[in-house]
Each structure stands twice: as structure tokens, then as C-alpha cells.
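In what follows, a structure is listed as C-alpha cells, so that the remarks can point back to it.
The values are calculated or read from the model by the stated rules, or taken from the named source; none is laboratory data. Quantities reported herein were computed from a predicted structural model and do not represent experimental measurements. So basically every Cβ, Gly included, is an ideal-geometry build from the backbone, and we count neighbours across all protein chains shown. Side chains included, ligands, DNA and RNA excluded: accessible areas come from the protein's heavy atoms. Shrake-Rupley method; radii C 1.70, N 1.55, O 1.52, S 1.80 Å.
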Amino acid sequence: MATATQAKQPSWAVPLVSPFPMLAQVYRSDFTRQLTSAGTTTWSYGAGKGFNLIPAPNMQVDIYPPPYFQRNSTTASDGWGDVGLLYKYRLAARPETKGNYIVSAQLGASLPTGQHKNGAKYATVSPTILGGKGFGRRWSVLSSLGATLPTSQAASEGRTVHFNSVLEFRAAKLLTMELEDNASFFHGGPNDGRLQNFITPGILLGRIKFFPNQQGSRTGLVLGAGMQFATSSWHSYDHNIVLSARFAF
């Protein structure tokens with residue numbers, strides 16, 4: 001069922017940072033390292049990723065175990081972050097040979113399970129609309145527009161609007177190069193009126209099949225790496241290393 005569902009959409013690579021309109025069935029674990037202007041670093045093990053599941057045609061359900069944060073700071077403590085959930089519905093899609101596009105909508109949620117302020121104070125919901133268009137078999141453009149909305153104390157916590165765009169180039173069968181633009185607009189809260197923007201070049205390798213000679217086998221590995229560079233005058237971190245490992249099944 002998962003194979004038949006994915007055959008109705010483009011076979012583009014899932015980006016490193018941005019939300020994506022495709023339906024995927026993988027276990028994903030990311031590792032990121034953020035550097036602040038004060039010189040402190042924060043490692044996130046898991047980085048808010050986890051299971052992407054296709055339980056029914058046109059649907060994806062995600063379960064994100066809490067990431068673990070390791071900080072080299074005397075004012076912040078290590079600890080677990082928030083648990084996340086997501087539901088995605090594919091509204092329309094055509095594979096590369098029949099239109100090469102996709103449109104989806106999703107609703108994410110996070111639960112305030114973080115330790116030592118390694119998470120949000122309140123639960124949040126994140127509605128997002130996502131789409132993409134391919135040009136031939138090598139080029140594709142993906143975009144998403146969404147928001148993170150706290151379920152309580154919205155005026156003091158603030159709302160964040162996210163706009164992401166990705167340009168992908170499939171250089172070879174198993175090699176995709178990408179360039180992402182990740183923008184966040186803050187409304188209310190301590191960062192009211194600010195814009196934070198990053199450019200993220202990255203590379204993705206896979207899917208490397210575990211059983212390449214077995215017809216219909218889905219299991220394989222996808223690896224990715226990139227770095228976020230801040231391009232806005234205000235940013236909470238910079239030079240964020242992103243490493244990604246995904247087990248497809």
C-alpha cells in the first residue's frame with residue numbers, strides 16, 4: 001500500500017530542514033549543532049524527528065520522540081525536549097511522467113515535555129500548506145507556508161510564521177543537491193517584529209537499498225548533510241550543522 005501510494009507522487013528527495021509535501025515512510029533521526037553569537041554550542045540528538053508512517057492512501061502520520069539537548073553553557077542545562085505529532089493529507093499529486101507536482105496540507109502539534117526549559121512552555125499547533133513542482137527528472141522546487149501557534153498565553157509567547165523554499169537538483173540516481181531558504185517571522189512575544197532567515201546548502205545520498213536484487217524491497221538508507229547560514233541581521237544562532245539518517249521501510 002505504501003509503495004502504491006508513493007508511486008502516485010514525484011520521487012523527490014526529502015529536504016534536510018524544510019517541511020515537505022510528499023508522503024514518506026521512514027524512521028528519521030537528525031543531529032544538529034547550533035552556534036550562538038556568544039560562542040556557545042547546542043547539540044540536538046534526534047532534532048525533533050522520528051517515525052513517518054503511511055497508514056492509508058494519501059495520509060502520513062508522524063510520531064516524534066523528544067530530542068536530547070547537550071549544551072556547553074553554564075546558564076543552560078542538558079535535557080530532553082518536546083514530543084511531537086503530525087498528520088499530513090496529500091490533496092493532489094502526479095508523478096514525474098504525468099504532471100510532476102504535489103500539494104498537501106498538514107497539522108503538527110508539540111507537547112511541553114521538555115526538561116530544564118529545553119522546550120516550549122505550552123503545547124503548540126502548526127498548520128501548514130505545502131506544494132512542489134518538478135521540471136524534468138532533475139530539477140524540482142518545493143515550498144511551504146505555515147505557523148507555530150501556542151495553545152495558551154499567545155500574546156506573551158508569540159506566534160511564528162514559517163516560509164520555506166527548496167531548490168533540488170538530482171545530480172545522479174542516488175545523489176541530490178539542494179539549496180533551502182528558511183524564513184521565520186515573529187509576531188508577539190519577546191521577538192515581536194523580527195525576521196530570522198537562513199540559507200541551507202545540502203547534499204542527500206540514497207536511497208541505498210539493503211536488498212537491491214529483491215524485487216519490491218523497500219528497505220534502505222538515506223544520508224544527508226548540510227549547514228545553515230544566517231542571512232538576516234538578527235538571528236538566534238548561526239552555522240548550524242545538520243546531519244540526517246533515514247531508514248526507509
- Message: Just the residues that are of a type in the set (Val, Ile, Thr), open to solvent by 40 Å² or more (accessible area, probe 1.4 Å) and part of a helix (DSSP H, G or I), please, taken from region 3-20.
- Response: THR3
- Message: Could you list, ordered by first residue, the pairs with Cβ atoms under 9 Å in which the first is in region 138-163 and of a type in the set (Asp, Glu) and the second is open to solvent by 50 Å² or more (accessible area, probe 1.4 Å) and not in a strand (DSSP E or B), at least 6 apart or interchain?
- Response: GLU157/LYS121; GLU157/TYR122; GLU157/PRO190
- In region 110-138, residues that are open to solvent by 40 Å² or more (accessible area, probe 1.4 Å), in contact with a strand residue (DSSP E or B) (Cβ under 6 Å, 6 or more places away or on another chain) and at pLDDT 95 or above total 6
- Item | Boolean, THR36 is buried (at least 19 other Cβ atoms within 10 Å of the Cβ) and closer than 26 Å to THR231 by Cβ | no
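Do we find that LEU23 is in a strand (DSSP E or B) and either farther than 30 Å from TYR237 by Cβ or open to solvent by 70 Å² or more (accessible area, probe 1.4 Å) (or both) in this structure? Give the derivation first.
Details: in a strand (DSSP E or B): no; either farther than 30 Å from TYR237 by Cβ or open to solvent by 70 Å² or more (accessible area, probe 1.4 Å) (or both): yes.
Judged against the criteria, LEU23 is not a match.
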- Task: Return a yes/no flag: does region 198-213 have any residue that is in a loop (DSSP other than H, G, I, E, B), surrounded by fewer than 18 Cβ atoms within 10 Å (Cβ to Cβ) and touching a residue at least 12 places away in the same chain (Cβ under 8 Å).
- Result: no
- Give the residues of region 140-196 that are open to solvent by 40 Å² or more (accessible area, probe 1.4 Å) and of a type in the set (D, E, K, R), sorted by residue number. GLU157, ARG159, ARG170, LYS173, ASP181, ASP192, ARG194
- Query: Does region 65-98 hold any residues that are in contact with a Ser or Thr (Cβ under 9 Å, 6 or more places away or on another chain) and among the basic types (Lys, Arg), and which are they?
  - Reply: ARG71, LYS88, ARG90
- Message: Cβ contacts < 6 Å: first residue within 19 Å of GLY50 (Cα to Cα), restricted to region 232-249; second residue acidic (Asp, Glu) and in a strand (DSSP E or B), any location; separation 6+ or different chain. Result?
- Response: SER244/ASP30
